[in-house]
Amino acid sequence: MILKYRMDGFLHRLISRHTFGGTVGLTNINGPAKVRMKMVGVPEDLTIHWGNSYTRDFNLQTKTVERILNRGDSISVHHTFYVGEKLRRKPVIFDGGLELMDVTTGNILVTIPFRITNGQPFLKEQVRGENIAF
């Protein structure tokens with residue numbers, strides 16, 4: 001997943017204050033799993049707030065879905081990013097991933113590559129929709 005951070009325009013800079021967000025939706029294509037999520041590779045000057053308005057039984061404190069997700073079940077989580085001063089002029093702000101782990105087994109189900117660039121144009125091959133499954 002690639003997000004482009006750019007603070008263009010007076011109104012955007014006035015209202016957003018280096019903050020933007022996105023929602024990630026995922027579908028379980030495997031067997032039952034109790035899932036915990038975490039962002040990996042987060043730089044020190046990037047703050048990520050987790051939100052949930054779609055997935056029932058999502059514990060914001062532990063980042064865990066507090067129920068078993070069966071095959072075909074979907075989950076989504078919203079992330080709001082605050083870009084600190086040290087990162088605002090870097091070409092790549094974040095180059096890490098969203099990791100999903102099966103709480104019962106401790107196995108990593110999937111790590112979704114996650115990158116935030118600083119206003120860099122997308123390459124044609126980077127702009128494609130993908131269904132993300134675990």
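The values are calculated or read from the model by the stated rules, or taken from the named source; none is laboratory data. Note that the coordinates shown come from a computational prediction; the quantities given were computed from them, not determined experimentally. Backbone-built Cβ (ideal geometry, glycine too); neighbour counts: all protein chains shown.
Structure notes:
- Residue in the stretch 75-92 that is part of a loop (DSSP other than H, G, I, E, B), under 22 Å from residue 25 (Cα atoms), at pLDDT 90 or above and of a type outside the set (Asp, Glu) present: no
Yes or no, residue by residue, for (1) surrounded by fewer than 13 Cβ atoms within 10 Å (Cβ to Cβ); (2) under 23 Å from residue 19 (Cα atoms):
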| site | (1), (2) |
| --- | --- |
| 34 | no, no |
| 41 | no, yes |
| 49 | yes, yes |
| 71 | yes, no |
| 79 | no, yes |
| 82 | no, yes |
| 96 | no, yes |
| 106 | yes, no |
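This table checks each residue for (1) under 19 Å from residue 24 (Cβ atoms); (2) part of a strand (DSSP E or B); (3) modelled with pLDDT under 90.
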position	(1), (2), (3)
49	yes, yes, no
53	yes, no, yes
94	yes, yes, no
101	yes, yes, no
105	no, no, no
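- Residue count for the stretch 107-121, restricted to those that are closer than 16 Å to residue 37 by Cβ and not in a loop (DSSP other than H, G, I, E, B): 7.
- Residue, nearest to residue 111 (Cα to Cα), within the stretch 51-65, restricted to residues that are in contact (Cβ under 8 Å) with a residue 24 or more places away in the chain and loosely packed, with under 13 Cβ neighbours inside 10 Å: 62
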